[in-house]
Structure formats: structure tokens, C-alpha cells
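J.: This is the structure I have questions about; it appears just below.
The values are calculated or read from the model by the stated rules, or taken from the named source; none is laboratory data. These numbers come from a predicted model, not from an experiment. With ideal geometry, Cβ positions are generated from the backbone for all residues, glycine too; neighbour counts draw on all protein chains shown.
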Amino acid sequence: MPRARSTRVLAVVGLVLIACGVGAWLLIRPPAASKPAPGCVILITIDTLRADRLGCYGARRVRTPSLDRLAAESTLFERAYSPSPWTKPAVTSMLTGLDPAVHGIVSGGQDDPPLPGSVELLAERMHDAGYRTGAFGYNPYVAMVEDLRRGFRDYFIMPRLDAEIPLDLYEGIDPRDTTAAISGITERWLAQRGDERFFCWMHFYDPHLPYDPPKDYWTDDHRSQPDPAASRGPTEEMHSQPFYRPDDNERRQLRGLYDSEIQYVDDAVGRVIATLKRLGRYEDALIIVSSDHGEEFWEHGGFEHGHTAYDELLHVPLFVRTPHAASRRVATAVDTPSIYATIADACGLEPAEHAFATAPSLWPSIVEGVDPAPRDAIFAGFTLYWEPQRTVRFGRYKFVHKIISNDVELYDIEADPGETTPIGDANPALVKRGRALLEAHRAWAEELRGRLRISSEGGKEMGEARKKLLRSHGYLK
């Protein structure tokens, strides 16, 4: 289908969905003015990274010079949100452009049904467009989602039960230090590309539990602790104990170790950027940096991630560096599933078969220097632990529905960004609107799953080898 015609078709589909009450956020915008497709595209996702822990987002106690320099050359989205507070749904949304309620890759203890061919993954589209595709990272849940391999010619997401990494990429690298391993393997892979066009996805596991940063990367705050070497931080077993109650000193230790791991990852990102510059590939590079989710440090009485839908777990960094746009900051709320359409748009790819269902591209906003149109609603949820939750933000408000108890909370996130003072009792009309938006979203997702032929069956029993791998990382008991 010619691009102009397909764009008109998608616009009509978007208008139909708006008429059905889904919202203008589904409308796929026409492509931005033509720009040369980037010769290399790098997506860097950093597990468990809160936005407020980077200097470019206002952090003062954590040093992140590499990421801050990159952000200073980028379009930075100040209010970017993940669609889920844990990795598997969030990463799948980035690579498909689909909401977790649509793609259904949301189970923690089971194998999810496979995605059908009607859902084209980002790497498939990049591979078909002539890009050499490579993925390098670490996360047991990501490694287990077989569909995420689709389209990657080189796929080394560890730990895998069947990992096969060529010796020329892996020799001399310590796999126990996942940050150094990911950056080192990626640098070697980049050096082999020559003038080849490529799409590279890196997923750093740090600063995920267990917090164990090298001493050279300890923050000043952590060094000032009475005995900074006394604890490596919590063990993996704490994955299923988000309401663990440490004393005040342990809490300072944990925050210091988490911040120190961020400094370690920042240095690794800096080495990759330096490699791109040394190879002469940086100038025309499209580089996107984001995270799958944040981390809670008792803002709402809990610790770690996966257990609530508050913004310490959903607010993540997102910035996009391209030679085609001046650096600037954008205050409009966006979400990370838009990464899919943004990269495809930047590379001049035809809309995917499932483009009517994907989050909108941010590329027009980036290259035209205008803020994206505000979304009618941004959804999130699919918690891993404790009570299932769904949330929708609309305008200045955020509505949270706790599924089992049927409790609801409403926050004015402009006046109360920490979500500390619920205002639902005084605003029944806004509560009603939040409920209606979540119900419309549920119905919309169910209808789209049918159109995309995504199985509605529940997950299947996970094999013992996979369970053992998750137990070794503290995800299962």
C-alpha cells in the first residue's frame, strides 16, 4: 500500500476509534517532513531506573555525566511513563508498540501465549528494511519471552538456557558483571559493523536488585555511611517481599547502593558512546534512552518494584538524540510504547500491519520542534506482586483502581506529584470518569486482541528449568 494511502486509512481508523470513545491518543499522525534515515539506531533501556535519579531530570546526589551529556543533545520528555511497573510487559510494549492489555505478555509465573504474525516486532521491521539487528542485555524475564527474539539476527539477552554467544564477542568478559558484559559485547559488535546500517538494542540489568556496585562507583552519600562496605544490599529473595521493613540506616544504605549502580551504568553507557564516536558512527546515530520501570523506596510503604502503579515505579527517563533536531525539553505526558512508532517513523518505514493499535510516534514532535498533542488518557497497570492495579492519567488527574478490593484512588498529580493525598471523595465526577476510561480501555483492548488474532487463553505452566532460573533470581519461591 502506498504510504500516502496507508496514512489516510490509518487516520480514518483513528477517527472511528475516537468516535467509539477510545480517545484521540490512538490517532496515528501523518509522517513528519522527510529526513535521511539514520545509519545506525541504538535503543538503550536501563532496568529499574527512576527518572529522578539522573542529573538531567534534576538529581543532585547522583553523578550521571554520560547520560546527561547525551540528554543535552536530545529531545528530553520530562513526563514519560511506563505502561507497567515491571519488566516483561513494559519491554514488550516498547518492542511492539502495544499496550500490555493488548499484547498480553504479562504473566510472572507462566509462559504467555505466543504473539501472532499480525504483530510485527520492531526488530522484524528494521531487519526487513536492511538493518543488521542485534540485542544485548540481561534480564531473566526478557530472556524467556521467545517472541522478543523475532527479527534480531544477533540476540544475546542473558541469562538463557541455550545461550550461544560467539567467542569473538564474549572472550575475556566476566558474565557475572552484567553491566560490563553488556557494554563490552556491544562495543565489539559495533566494531564489526563497518559501514553497515544497524539497529542495536541494549538492556542493562543494573540498577536492579541485588545492589552490588563496584566500590569505585559509590556515591559520596554512600561513602559517608558509617560502614559502607557492610552490606551488598538486599538479596534476590527480596523480590517477593516488597513490604520489607529495614531500619533508617539500612534504607540509607539501600538508596546509596542503588544510586551507585546508576553511576556504574552511566560509565558503561559513556564507553559505548565513545566507541560510536571512535568508529565514526555517532554523528548520524539515532539514540533513544529509556527504562522499563522505576523503583520504590518506601514512598508508599513498599520497596522495589512490580507491586503498585504509583509514579515512583512508572515515571521513567526518555530522551531521543538525532542530528535532525535541536535539543529541547518537552513537558507533555507521553509513554514508552511510543518508542516503537518513533523509531519506525525516523527510519521511514511503512506503517506496520498493527499500526492502528500502536502508541503514536513522537518523531514529528522531535524533528518539527513542537510539543506532541496531549493524549486523552495514558494507561498503566499489570502489577507482578500483590493486588492487581490499573491506572489512567487524564489531564492533571490520575485514577488508580485496585482490582481485588475494588478500592479506587484519585490524585491531582500537578498539585500532588507524590500521590500522597487522595481527592476522590470530594470529586465523584472525576472518579466516575476514571472508571469509565478504564472500562473503555478494557473493551478496546479486548476488541483489538481479536482483530490482531492474539490468543485470549491464559498462560501455560512454565517448565522446571525456567522456574529454576527465576528462583535463582528471587522471582519465584
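J.: Could you please let me know if Ala429 is exposed (fewer than 15 other Cβ atoms within 10 Å of the Cβ), modelled with pLDDT of 95 or more and more than 22 Å from Trp298 (Cβ to Cβ)?
T.: Yes: the conditions hold for Ala429.
J.: Which residue out of Ala24, Ala37, Ala32 is more than 30 Å from Leu190 (Cβ to Cβ) and either touching a strand residue (DSSP E or B) at 6+ places or on another chain (Cβ under 6 Å) or at pLDDT below 95 (or both)?
T.: Ala24
J.: I would also like to ask the following. Inside the range 391-424, can you point out the residues that are outside any loop (DSSP other than H, G, I, E, B), closer than 21 Å to Phe297 by Cα and not acidic (Asp, Glu)?
T.: Of everything in the range 391-424, those that are outside any loop (DSSP other than H, G, I, E, B), closer than 21 Å to Phe297 by Cα and not acidic (Asp, Glu) turn out to be Thr391, Lys398, Val400, Lys402, Tyr411.
J.: Looking at the range 68-83, which of the residues that are within 16 Å of the chain's Cα centre (by Cα) and closer than 21 Å to Ile262 by Cα is surrounded by the most Cβ atoms within 10 Å (Cβ to Cβ)?
T.: The residue in question is Ser82.
J.: Let me ask something else. Scan the range 427-458 residue by residue and report those that are among the small types (Gly, Ala, Ser), within 17 Å of Asp412 (Cα to Cα) and under 25 Å from the mean Cα position of the chain (by Cα).
T.: Correct list: Gly434 only.
J.: From the residues in the range 400-415 that are over 22 Å from the mean Cα position of the chain (by Cα) and of a type in the set (Val, Ile, Thr), which one is surrounded by the fewest Cβ atoms within 10 Å (Cβ to Cβ)?
T.: Result: Ile404.
J.: Looking only at the range 322-338, decide whether some residue is in contact (Cβ under 8 Å) with a residue 12 or more places away in the chain and assigned to a helix (DSSP H, G or I).
T.: Checked the range 322-338: at least one residue is in contact (Cβ under 8 Å) with a residue 12 or more places away in the chain and assigned to a helix (DSSP H, G or I).
J.: Scan the range 256-275 residue by residue and report those that are under 16 Å from Ala71 (Cα atoms) and of a type outside the set (Gly, Ala, Ser).
T.: Matches in the range 256-275: Ile262, Gln263, Val265, Asp266, Asp267, Val269, Arg271, Val272, Ile273.
J.: Here is a follow-up. Filter the range 349-364 down to the residues that are outside any loop (DSSP other than H, G, I, E, B), surrounded by 24 or more Cβ atoms within 10 Å (Cβ to Cβ) and either aromatic (Phe, Trp, Tyr) or at pLDDT 95 or above (or both) and list them by number.
T.: Trp363
J.: Being touching a Pro at 6+ places or on another chain (Cβ under 9 Å) and either within 22 Å of Thr92 (Cβ to Cβ) or crowded, with 24+ Cβ neighbours inside 10 Å (or both) is the filter here; which residues of the range 371-399 pass it?
T.: Arg375, Ile378, Phe379, Ala380, Gly381, Phe382, Thr383, Leu384, Tyr385, Trp386, Gln389
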